[in-house]
Amino acid sequence: MKHQSIALLMLLLLSITACTPALSLRDEAFLPDTSLTAGEPCEAPCWQDLIPGETVWGVAVATVEDSEDYRQTDSEDNRRTPEDWIEFAYRDGPTCCRIYSADGETLSAILILVAPQMTLGEVVTRYGEPTYMTAEAQTSDQAQIALVYPDLATVVYAFAPNITTAEVTAESEIIGHVYMAPSEMETLLASENLYTWDGYGALSTVIDGEFDLTPLPIDDAENQDLDTP
């Protein structure tokens, strides 16, 4: 691929928070944003009127830089590739968010880590059930559940205390989400191991290593990129 997988952006940002003395996936200091379930000022995959795959990169940058609520914490204008990204925090809080462009011209993805103010049940009520899911433990008592909505080009992250005994329920707290351009969702589905969503229940019955969707062979993935206009 020409650029880093969007599916890795969540883990990349979590690696930033891991540099702090205590890694916390669930943090009240992250962005207090409930737009995912409220649908205001726009619905997924739109955030603050920014739409991956449509919004001009300069407009996305200005949205972050011109707001008094956001504080830029890191950025990169890659001189070897067209990629560009900006990481930012909500006021004096920890780094919570990233906007990313694969070509330096159009917004490709928006990554938001949010304070735990929304539930999975609220997401399902608004958008329906996800198509795919997976989960990964960050510490012995913290795990993230990734819930994939291909038609929305959206990945929603819920919190779980662990993978071995935890259950996915309507009350599972939302701790983040990624909105991406449709082409980035195609890349994710072609490159990630995922399980089919089978409703609420114990994580251990789903996260068993028997994936329902597996990455394309490298040759097929490269041919797919070549066939894409």
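Going by a ≥ b ≥ c, the root eigenvalues of the Cα gyration tensor, does segment 165-208 fall in the rounded group (a/c under 1.5), the prolate group (a/b larger than b/c) or the oblate group? Write down the numbers at each step before the final one.
Values: a/c = 3.09, a/b = 1.61, b/c = 1.92.
Oblate shape, in that a/c is at least 1.5 and b/c is the bigger or equal ratio.
Hey, what do the phi angles of segment 127-137 turn into as Karplus ³J(HN,Hα) couplings, whole Hz, using 6.51/-1.76/1.60 and θ = phi - 60°, x for Gly and Pro?
Computed from phi, the couplings for segment 127-137 are 10, x, 7, x, 8, 10, 7, 7, 8, 8, 7 Hz.
Given R₀ = 35 Å, what would the calculated FRET efficiency be for GLU210 paired with THR125, taking r from the Cβ atoms and rounding to 0.05?
Working: r = 30 Å, r/R0 = 0.84.
It comes out at approximately 0.75.
Can you tally the net charge around GLN138? Count Lys and Arg as +1, Asp and Glu as -1, for every other residue whose Cβ sits under 14 Å from the Cβ of GLN138.
Details: positive: ARG26; negative: ASP27, GLU136, ASP141.
That works out to -2.
If the label point is 7 Å along Cα→Cβ of ASN162, which residues in segment 132-147 have backbone nitrogen under 11 Å from it?
Counting only backbone N, you get 140-142.
Which value, in Å² and to the nearest 10, is the accessible area of ARG91 when all protein chains are kept and the probe is 1.4 Å?
The accessible area of ARG91 comes to roughly 130 Å².
Going by average Cβ neighbours within 10 Å, how do the peptides 29-41, 112-124 rank, with the highest at the top? Write down the numbers at each step before the final one.
On the way: 29-41: 17.0, 112-124: 20.5.
Going by the mean number of other Cβ atoms within 10 Å, highest first, we get 112-124, 29-41.
Could you please tell me the mean projected area of the C-alpha convex hull for segment 79-229, averaged over all directions and given in square nanometres to one decimal? Don't skip to the answer; put the middle values down first.
On the way: hull surface 43.6 nm².
Average of the hull's projected areas for segment 79-229 equals 10.9 nm².
The values are calculated or read from the model by the stated rules, or taken from the named source; none is laboratory data. Small disclaimer: the values here were computed from a predicted structure and weren't measured. Every residue, glycine as well, gets a Cβ built from its backbone with ideal geometry; the counts of neighbours run over all protein chains shown. The accessibility values were calculated without ligands, DNA or RNA, using every heavy atom of the protein model including side chains. Shrake-Rupley method; radii C 1.70, N 1.55, O 1.52, S 1.80 Å.
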